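Here the structure comes first, spelled out in structure tokens, and everything after it is commentary.
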Amino acid sequence: MSYFIARRLAGFLLTLWAVSVVVFAVMNVLPGDPALTILGIDSTEEARAALRARLGLDQPVILRYLDWVAGALRGDFGESYSFGVPVSGLIAERLPLTFSLALSGMVVTVLLALVLGITAAARHGRPGDWGIMLLSQMGIAIPAFWLSMLLVLLFAVKLRWLPPGGFPGWGDPVAALRSLVLPTAALALVQSAVLARVTRSAALEVMRLDFVRTARATGFGSRHVLWRHVLPNALVPIVTIVGLQFAGLVTGTIVIENVFYLPGLGRLLFQSIANRDLITVQALVMLFAALVVTANFLVDIAYVVIDPRLREARG
Amino acid sequence: MIEVEGLSITSAAGPILRDVGLHVAPGERLGVVGESGSGKTLLAMSLMGMVPDGLSVTGSIRIDGAEMCGADESAWRRLRARRMAMIFQEPMSALNPLRRVGDTVAEPLIRHLGLAPRAARDKALALFDETGILDPERRLSQYPHQLSGGQRQRVLIALALACDPELLIADEPTTALDANVALRITRLLVRLAEERRMGLLFISHDLAAVSRTTERLMVMYGGDVVETGATAEVLRAPAHPYTAGLLSARPSLAAHGKRRLPTIPGSVPPPQELPRGCRFSGRCGQEIARCAAEMPQPVTTAPDSWAACHLLQARAKGAGA
């Protein structure tokens, strides 16, 4: 088992390295002169050349890459071209909001999907099942940004229950949570629609197995059998999809933050792209990619935690 | 104490089980034999209240005097594990693969009997010991895939015994095991029934296993009971041609190489294609004219024994005249 984890860890680190190469390469072939962005079109060529030298942009690509990686490992992503402050500071300011949004989105997605999926499986072929499947089909078909606008129209504009956007900061936790409700719902409803279907079919698959009959014959109620015997055995496909969905969730926060005017990493990414602030964009893309790679690593670890048979099979 | 009378189970396509009667008292061991498709497993499931959806059950199933036919799921659930328990054919797949077998056996002790986890573990250890599981202490924390088929079947028996049921239903418990292991499992079941004064309903198509395990025997064909009586008597002198057919289809060492193993031609037809008269007509070697058209009535062959066959009826009339 420790061999398996060590191998996965090696794979995880290799993937991160590959991602860093790709991100750096892409950012450096993109057109646009940072010196021009910072100094403006009225600047002289001498001033721009001097700035490029100060930013290290006149160095060979390999050296710049190594410099960037060494800095990133220390948490130093350089100085933002457009904001004029360290990128790490910009990220640290906005990370808690994006992290809260992604986490609450993931938690609500998983809870909603498990309840809906297991309920549908328990009512297989009956109206409850059809209803849930119809809803989830709609959820899959609806784009998150459009759902966000509908939610704002209904709950913020018409009913005035929740703020339409913006974030007051964690100084006022109630207001902060209230402003996260609609973005979380917009993220989770669409994601959970997919996951609910996966949960349902995985549960149906498991419900046919003999040990489920043993559990019933041992006098356990159907709810206990479903949640304690069927669900754990259905978790491997569910966790796989959760890992894949995490990437969708992270990119989802970029869209959602812009719809709801939330000052998170997604909005920062948008602004940085608009400002041609390549060094910030580069750090953010690397960060998002690292999050997704980490999620997939955790999914691999989850497999062996869930299923004792895999511990031996995978050494 | 379980008493079944006139039990019939019908699907949309037709009857699958017809007019079955049986009773098992504490300490009694009843065998049910028949080919695949004879309705044995469905009979067992009906005694657990686990008949699949879409089948209608009529007749009477009395458990400790309470009528359970038509009872709802929650009434059945209260009886499962505590009054009657069941073990299944496939010990390979009948255990939750993600749970340590000790936890599986402790689960009903905690949930049904309210034992503390520590006490439940001790009781599970005692049950492992009672069911002859080797190295029980270590087994408690192993997963099903780490055990052999015979050990898994013992774990399932330990699970079934957890809440001290009055009746143990064993549905082909030895079919998936090799002969030596099967022999030990049947011995274990007999010992447990005797020591615990527990009823045993032993379902099998293996006549050797049934003869080792049970005192009384019920032979089923196509959803009907065709013969019943003391196990030793029925196997010594089968009254129904189907029982005789099953017996002669048994491989034996003495006959090896001297003759082809006789078989009953064909297989049990699906319920909607069963003949209108005697269910066995069409496959029976001793058929007479009325067999295909008319249902044979039970004929008493010995005290508490009968068989349903037109040949017996004809013979009984001949003897009476």
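The values are calculated or read from the model by the stated rules, or taken from the named source; none is laboratory data. Values in this document were obtained by computation on a predicted structure and should not be read as measured data. Every residue, glycine among them, receives a Cβ derived from its backbone with ideal geometry; neighbour counts consider all protein chains shown. What goes into the accessible areas is simple: the full protein's heavy atoms, side chains included, and nothing from ligands, DNA or RNA. Shrake-Rupley method; radii C 1.70, N 1.55, O 1.52, S 1.80 Å.
Structure data summary
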item	result
Qualifying positions in segment A:126-147 - in a loop (DSSP other than H, G, I, E, B) and surrounded by 13 or more Cβ atoms within 10 Å (Cβ to Cβ)	A:I142
Among the residues listed as A:R200, A:R216, A:R160, A:R178, the single one being more than 14 Å from chain B (Cβ to nearest Cβ), crowded, with 20+ Cβ neighbours inside 10 Å and among the charged types (D, E, K, R)	A:R200
Check on A:R267, of a type in the set (K, R), away from chain B (no Cβ under 14 Å) and in contact with an Asp or Glu (Cβ under 8 Å, 6 or more places away or on another chain)	yes
Every pair of residues 6+ apart whose Cβ atoms lie under 8 Å, when the first sits in segment B:69-88 and is under 10 Å from A:T218 (Cα atoms) while the second is assigned to a loop (DSSP other than H, G, I, E, B) and open to solvent by 30 Å² or more (accessible area, probe 1.4 Å)	B:A81/B:H112; B:R82/B:H112; B:R82/B:D164; B:M84/B:E166
Conditions (1) more than 11 Å from every other protein chain (Cβ to nearest Cβ); (2) open to solvent by less than 30 Å² (accessible area, probe 1.4 Å); (3) touching a Leu at 6+ places or on another chain (Cβ under 8 Å): number failed by B:G49	(1)
Which listed residue, of B:R283, B:R279, is open to solvent by less than 80 Å² (accessible area, probe 1.4 Å) and touching a Phe, Trp or Tyr at 6+ places or on another chain (Cβ under 7 Å)	B:R279
Residue match in segment B:2-16 (condition: more than 14 Å from chain A (Cβ to nearest Cβ), loosely packed, with under 15 Cβ neighbours inside 10 Å and closer than 30 Å to B:R187 by Cβ)	no
Residue satisfying all of: in segment B:74-103; part of a helix (DSSP H, G or I) and farther than 27 Å from B:D64 by Cβ; farthest from the other protein chains (Cβ to nearest Cβ) among these	B:G102
Among (1) of a type in the set (A, V, I, L, M, F, W, C); (2) within 30 Å of A:Y303 (Cα to Cα); (3) not in a helix (DSSP H, G or I) - the single one A:L57 does not satisfy	(2)
Residues being out of contact with any Gly (no Cβ under 9 Å at 6 or more places or on another chain), in a strand (DSSP E or B) and under 15 Å from B:P241 (Cβ atoms) - total across segment B:299-315	2
Hey, A:R208 surrounded by fewer than 16 Cβ atoms within 10 Å (Cβ to Cβ), within 14 Å of chain B (Cβ to nearest Cβ) and over 25 Å from B:P173 (Cα atoms) or not	no
Top-ranked residue in segment B:52-73 [being loosely packed, with under 15 Cβ neighbours inside 10 Å and within 22 Å of A:M207 (Cα to Cα); ranked as farthest from the other protein chains (Cβ to nearest Cβ)]	B:D72
B:L115 more than 11 Å from chain A (Cβ to nearest Cβ), open to solvent by less than 10 Å² (accessible area, probe 1.4 Å) and farther than 30 Å from B:E5 by Cβ	no
Residues being part of a helix (DSSP H, G or I), surrounded by fewer than 17 Cβ atoms within 10 Å (Cβ to Cβ) and not hydrophobic (A, V, I, L, M, F, W, C) - total across segment A:12-37	2
When residues of segment B:22-46 are limited to those that are out of contact with any strand residue (DSSP E or B) (no Cβ under 7 Å at 6 or more places or on another chain) and open to solvent by 30 Å² or more (accessible area, probe 1.4 Å), the one nearest to B:L274 (Cα to Cα)	B:G37
Only one of B:T174, B:T213, B:T228 that is hydroxyl-bearing (S, T, Y), under 16 Å from the mean Cα position of the chain (by Cα) and either open to solvent by 10 Å² or more (accessible area, probe 1.4 Å) or within 14 Å of another protein chain (Cβ to nearest Cβ) (or both)	B:T228
Residue in segment B:56-76 that is farther than 15 Å from B:E166 by Cβ and modelled with pLDDT under 90 present	yes
Residue within segment A:169-178 that is modelled with pLDDT of 90 or more, assigned by TED's automatic domain parsing to the domain that holds A:R126 and touching a helix residue (DSSP H, G or I) at 6+ places or on another chain (Cβ under 9 Å) present	no
In segment B:134-159, residue farthest from B:V101 (Cα to Cα) [restricted to those that are of a type in the set (A, V, I, L, M) and within 13 Å of another protein chain (Cβ to nearest Cβ)]	B:I157
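Residues checked against (1) surrounded by fewer than 21 Cβ atoms within 10 Å (Cβ to Cβ); (2) within 14 Å of chain B (Cβ to nearest Cβ); (3) at pLDDT 95 or above:
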| residue | (1), (2), (3) |
| --- | --- |
| A:S192 | no, no, no |
| A:L204 | yes, no, yes |
| A:G243 | yes, no, no |
| A:T253 | no, no, no |
| A:N258 | yes, no, no |
| A:Y261 | yes, no, no |
| A:I273 | yes, no, no |
| A:R276 | yes, no, no |
| A:V304 | yes, yes, no |
